[in-house]
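Trainee: The structure that follows is given in the form of structure tokens.
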Amino acid sequence: MAGPWLGGIILDAGLGARGAFTLFSVCPAVMVLVLFALGRGQRRLPTDAEGALTAELPEAGLAAARPAIQT
């Protein structure tokens, strides 16, 4: 929602379209770095901690809703 407003401020500041695109490309790049850091931090949690990654499938959800394949 703030994109058009920020775009107007950036264009008014004299950066032009190239500067606006460059500035707005920084946001997704920062988001990728933050998500990467959060993922690495989550792997370091003890297995009994809330939010820790486990190898077990949840009892409810997509795995439970999928019918078993019989051969």
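Trainee: What number of residues within region 31-58 satisfy the criterion of being at pLDDT 70 or above, over 30 Å from residue 7 (Cβ atoms), under 19 Å from the mean Cα position of the chain (by Cα) and small (Gly, Ala, Ser)?
Mentor: 2
Trainee: State yes or no: is residue 28 open to solvent by less than 100 Å² (accessible area, probe 1.4 Å), in a helix (DSSP H, G or I) and modelled with pLDDT of 65 or more?
Mentor: Judged against the criteria, residue 28 is a match.
The values are calculated or read from the model by the stated rules, or taken from the named source; none is laboratory data. Fair warning: this is a prediction, and the values are worked out from it, not measured in the lab. Note that each Cβ is placed from the backbone with ideal geometry, even for glycine, and that neighbours are counted across all protein chains shown. Accessible surface areas use protein heavy atoms only, side chains included; no ligands, DNA or RNA. Shrake-Rupley method; radii C 1.70, N 1.55, O 1.52, S 1.80 Å.
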